[in-house]
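Colleague: Below is one structure. I have some questions about it.
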């Protein structure tokens with residue numbers, strides 16, 4: 001097993017510090033974690049990743065003495081056993097005798113479970129970055145980076161796989177970016193539906209609520225004071241979200257409605273606005289009308305084909321009967337002559 005910290009550090013040295021793979025390997029093999037950390041600054045994000053994993057499975061509530069977290073961090077830095085890692089990966093090591101179909105079903109359910117934990121971990125790393133980099137808010141144009149993960153876009157979120165992926169892979173778990181993107185899109189859908197965000201105006205009003213909107217900002221008075229100004233949010237934050245983050249808010253909402261039309265789950269439908277529910281209903285009615293017409297047309301065509309085939313079979317039978325009668329006539333005639 002490759003120890004997660006060293007895998008993170010190596011990739012960071014190559015990606016951020018411009019080292020070759022050979023140079024990075026040399027640093028990893030010759031320097032202590034403290035020396036390496038002075039170049040990659042990965043520990044903070046890995047700590048937040050550990051916290052996110054624990055929250056995702058509820059272990060943060062029972063880890064009164066910090067033993068579980070200590071074990072998990074030792075797994076990350078030293079590769080030693082962790083009960084949290086065992087818990088997350090346990091279904092793959094279950095030795096109960098079960099059928100192959102049940103095994104495949106359990107494996108698929110476990111895979112979904114792990115994907116959700118990975119997403120929680122990614123979100124935790126981002127929240128931690130926001131907390132640790134509050135001073136960057138007023139000095140950079142990337143205001144969208146200080147918003148919840150659901151608004152910064154998948155491209156930004158998946159960048160933190162740098163810290164998260166090695167942990168899960170070291171546990172023998174698959175990290176599939178395409179599947180994770182679908183999980184992320186589901187989180188965005190829930191974010192918009194739960195908060196009633198339909199327009200950029202709705203989102204702007206939500207952002208001005210500060211820590212109630214995004215708890216990770218709690219305690220950062222300067223940012224909270226700044227985003228309490230609707231004009232500032234409209235001029236600086238919303239454009240950043242739309243241009244660099246999740247995209248145009250109205251378009252995102254339309255895409256969510258389209259998803260619900262394609263897969264109308266009751267809990268999603270209930271969270272739509274009334275006009276959107278009507279839109280979904282009309283879209284489904286129109287689709288049913290179109291599909292019904294297609295079905296009727298196919299039935300009509302198939303009916304004609306069936307009638308033609310039946311006539312052809314009837315013709316075949318009649319010809320056969322004629323042939324038999326002709327043979328019988330021949331037999332009678334020959335018998336008479338004899």
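The values are calculated or read from the model by the stated rules, or taken from the named source; none is laboratory data. None of these values were measured; they are calculated from a predicted model. So basically every Cβ, Gly included, is an ideal-geometry build from the backbone, and we count neighbours across all protein chains shown.
Colleague: With the checklist (1) outside any helix (DSSP H, G or I); (2) modelled with pLDDT of 95 or more; (3) surrounded by fewer than 20 Cβ atoms within 10 Å (Cβ to Cβ) in hand, flag the one item residue 172 doesn't pass.
Modeller: (2)
Colleague: Related question: For residues that are in contact with a helix residue (DSSP H, G or I) (Cβ under 7 Å, 6 or more places away or on another chain), in a helix (DSSP H, G or I) and without any contact (Cβ under 8 Å) to a residue 40 or more places away in the chain, scanning just segment 6-24, find the one that is surrounded by the fewest Cβ atoms within 10 Å (Cβ to Cβ).
Modeller: Among them, the one singled out is 21.
Colleague: Restricting to segment 188-206, name every residue that is in contact (Cβ under 8 Å) with a residue 40 or more places away in the chain, surrounded by 17 or more Cβ atoms within 10 Å (Cβ to Cβ) and part of a helix (DSSP H, G or I).
Modeller: Within segment 188-206, 188, 189, 191, 192, 193, 200, 203 meet the criteria.
Quick grid of which residues meet (1) farther than 30 Å from residue 79 by Cβ; (2) crowded, with 20+ Cβ neighbours inside 10 Å:
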position	(1), (2)
141	yes, no
147	yes, yes
157	no, yes
167	no, yes
